[in-house]
Amino acid sequence: MDTEVSKSKFKARALEIFRRVEMTGEPVIVTDHGKPTLIVRKYQGGVADARARLKGSVLRYDDPLAPVAEEDWEAAAP
């Protein structure tokens, strides 16, 4: 089976594609008019794995209950 499939073929064969991805672990790229739009891949890990990756990543823990000003958030900066 191909590693790329059009949206129309994906719709018709979704279960087959899901089962193949689950069994082989090989991702499938879904295209729209020849352009890649989605990737279907096997789920790796869970909540416990996410916690393990984040463990030790807190750099500072001053006062977690203190209010945070808008200018303190880097993502909010224009």
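Details
- Check on Leu59, more than 30 Å from Asp2 (Cα to Cα) and either hydrophobic (A, V, I, L, M, F, W, C) or under 16 Å from the mean Cα position of the chain (by Cα) (or both): yes
- Residue ranges of strands (runs of 3 or more DSSP E) in segment 1-68 with at least 1 members touching a Lys or Arg at 6+ places or on another chain (Cβ under 7 Å): 28-32
- Residues in segment 20-78 that are among the aliphatic types (A, V, I, L, M), in contact with a helix residue (DSSP H, G or I) (Cβ under 7 Å, 6 or more places away or on another chain) and more than 15 Å from Phe10 (Cα to Cα): Ala76 only.
- Any chance Leu38 is surrounded by 10 or more Cβ atoms within 10 Å (Cβ to Cβ) and either touching a strand residue (DSSP E or B) at 6+ places or on another chain (Cβ under 9 Å) or not basic (Lys, Arg) (or both): yes
We did not get these values from a lab; they are worked out from the coordinates using the rules stated. Bear in mind the structure is a predicted one, so any value in this text is a computation, not a measurement. Cβ sites come from the backbone with ideal geometry, for glycine too, and all protein chains shown count toward neighbours.
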